[in-house]
Amino acid sequence: GALARTILVTGGAGFIGSHFIHYWLGRYPHDHIINVDKLSYASSLDYLKGLSPDSHTFVHADLAKEKVIHRTMEQYKPDHIIHLAAESHVDQSIQSPCNFISSNIVGTFHLLEEARKLWTKEGRLETSRFVHISTDEVYGSLTKDDDAFSEESSLLPNSPYSATKAASDHLVRAYWKTYGLQTLTTRCSNNFGPHQHEEKFIPKIIHNALNHQSIPVYGNGEQIRDWLYVLDHCRAIDAVFHRGQVGEIYNIGAQNERRNLDLVSLICHILNEMKPDKELKDYKKLITFVEDRPGHDFRYAMNADKLKSELNWKPDYPFEYALKSTVRRYIKMMEEKE
Ligand code: NAD
């Protein structure tokens, strides 16, 4: 029969984690997922609807609480760990950085430490994998003319969020170098898709447009982000987990750079077609420029050649097609809420 593995996934009630669990169990139906999540304001158990208790166990726990994580590891004895949990919103990290230190740094530390202890005790230190999900934001910001970030780029984080993610990346590396924990790190560009909290850029544009509220764009809207559909990110994590070299870092991205203002305009254009508004005529009228975020990174762009050439990954979802289907899902969700 097929190999049945117990995989501990952290942050599985959040945006990417929830997609990841559905994706994984669709592809590896014999596996069992232990989903550890503290249920922050950004998560929802609704995202996990339809999962069978035979393949998914939800554990409500905060990674920053050492004892709880210890008990969870002892109880379920996972074969592998895929670590997605993090406080994830840059603006929140500017308002209240403390939670970011505790979840992203202390939380990652406890998870590494408990993994090391359990797998050492069970003689599985050399076979159990720990995949750490990080972000392009650890590299800092690019100018228009810079080359895209590679895995060799320096870590120059600019926000409390990215600084805590960079710190966790360093801890993960140290656990590989010092203890031989079988770690792999991924750094992905901006994700989009259903299940994102309304505070994030794309759902906020749609929400505000449909509610006739102004659509805020930071500064002059010239900033550039590199966008990837969430399921392509899940596929990349799968590739790294199964085929990645232990101790390595893999950038994930689809070379899909967009200026923020162009993305907002494109979404307004899609909305004009999908849900024409007689009164407003064009949702673009709602675009409002607001004061820039402090320390705002100008441009992110990922070079994912290593992932493509060594692990044979390539993006599957064409950008505009995935964006349209995402917009459609948010419209439906917002209509259901009314
Ligand atoms: P999210 O905020 O939607 O989900 C994060 C989940 O982690 C939430 O369900 C939250 O409750 C949980 N969590 C946070 N702190 C926790 C703790 N201390 N203990 C237990 N659970 C905790 O964020 P997301 O966008 O799904 O991001 C998931 C991961 O992917 C993060 O590590 C993030 O840094 C990384 N990432 C995100 C993007 C993106 O564009 N969204 C891009 C690259 C990397």
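Restricting the search to the stretch 157-171, which residues are touching a residue at least 40 places away in the same chain (Cβ under 8 Å) and away from the ligand (no atom under 13 Å from the Cβ)?
Answer for the stretch 157-171, where residues must be touching a residue at least 40 places away in the same chain (Cβ under 8 Å) and away from the ligand (no atom under 13 Å from the Cβ): ASN158, LEU171.
Kindly evaluate THR6 against the criterion of being over 21 Å from the mean Cα position of the chain (by Cα) and modelled with pLDDT of 95 or more.
So THR6 passes the test.
Look at THR108 and say whether it is over 23 Å from the mean Cα position of the chain (by Cα) and either crowded, with 20+ Cβ neighbours inside 10 Å or farther than 30 Å from MET333 by Cα (or both).
no
Under 6 Å between Cβ atoms, which residue pairs at least 6 apart in sequence (or on different chains) link something in the stretch 204-231 that is at positive phi with a partner that is within 16 Å of the ligand (Cβ to nearest atom)?
Hits for this filter: GLY221/ASN260.
Might you let me know whether the stretch 23-31 holds any residue that is crowded, with 18+ Cβ neighbours inside 10 Å and either among the acidic types (Asp, Glu) or modelled with pLDDT under 95 (or both)?
Yes, the stretch 23-31 contains at least one residue that is crowded, with 18+ Cβ neighbours inside 10 Å and either among the acidic types (Asp, Glu) or modelled with pLDDT under 95 (or both).
Return the only residue of ARG225, ARG259 being more than 29 Å from GLY26 (Cα to Cα), touching a helix residue (DSSP H, G or I) at 6+ places or on another chain (Cβ under 7 Å) and of a type in the set (D, E, K, R).
Just one listed residue meets the conditions, ARG225.
Look at ALA254 and say whether it is closer than 28 Å to THR6 by Cβ, within 16 Å of the ligand (Cβ to nearest atom) and surrounded by 16 or more Cβ atoms within 10 Å (Cβ to Cβ).
So ALA254 fails the test.
Could you please give the count of residues in the stretch 173-190 that are in contact with a Gly (Cβ under 6 Å, 6 or more places away or on another chain) and either of a type in the set (A, V, I, L, M, F, W, C) or assigned to a helix (DSSP H, G or I) (or both)?
Within the stretch 173-190, residues that are in contact with a Gly (Cβ under 6 Å, 6 or more places away or on another chain) and either of a type in the set (A, V, I, L, M, F, W, C) or assigned to a helix (DSSP H, G or I) (or both) number 2.
Kindly indicate whether LEU181 is buried (at least 22 other Cβ atoms within 10 Å of the Cβ), over 24 Å from VAL264 (Cβ atoms) and not charged (D, E, K, R).
Yes.
Only one of these conditions is not met by ARG299: (1) touching a residue at least 24 places away in the same chain (Cβ under 8 Å); (2) in contact with a helix residue (DSSP H, G or I) (Cβ under 7 Å, 6 or more places away or on another chain); (3) not aromatic (Phe, Trp, Tyr). Which number is it?
(2)
Would you point out the residue of the stretch 172-200, among those that are over 28 Å from ASP226 (Cβ atoms) and polar (S, T, N, Q), that is nearest to the ligand (Cβ to nearest atom)?
GLN182
Just name the residue that is nearest to LEU111 (Cα to Cα) out of those in the stretch 28-61 that are of a type in the set (Gly, Ala, Ser) and within 15 Å of the ligand (Cβ to nearest atom).
In this case the residue turns out to be ALA61.
Could you tell me whether any residue of the stretch 244-259 is in contact with a Gly (Cβ under 7 Å, 6 or more places away or on another chain) and within 22 Å of ASN208 (Cβ to Cβ)?
Yes: the stretch 244-259 contains one or more residues that are in contact with a Gly (Cβ under 7 Å, 6 or more places away or on another chain) and within 22 Å of ASN208 (Cβ to Cβ).
Is the stretch 249-263 home to any residue that is assigned to a helix (DSSP H, G or I), among the hydrophobic types (A, V, I, L, M, F, W, C), out of contact with any Pro (no Cβ under 9 Å at 6 or more places or on another chain) and closer than 27 Å to GLY140 by Cβ?
The answer is yes; a qualifying residue exists.
Name the residue, out of TYR76, TYR175, that is under 27 Å from ALA13 (Cα atoms) and touching a helix residue (DSSP H, G or I) at 6+ places or on another chain (Cβ under 7 Å).
TYR175
The values are calculated or read from the model by the stated rules, or taken from the named source; none is laboratory data. A quick note: this is a predicted structure, and the numbers were derived from the prediction, not measured. Methodologically, a virtual Cβ is constructed for each residue, glycine included, from the backbone with ideal geometry; neighbour enumeration extends over all protein chains shown.
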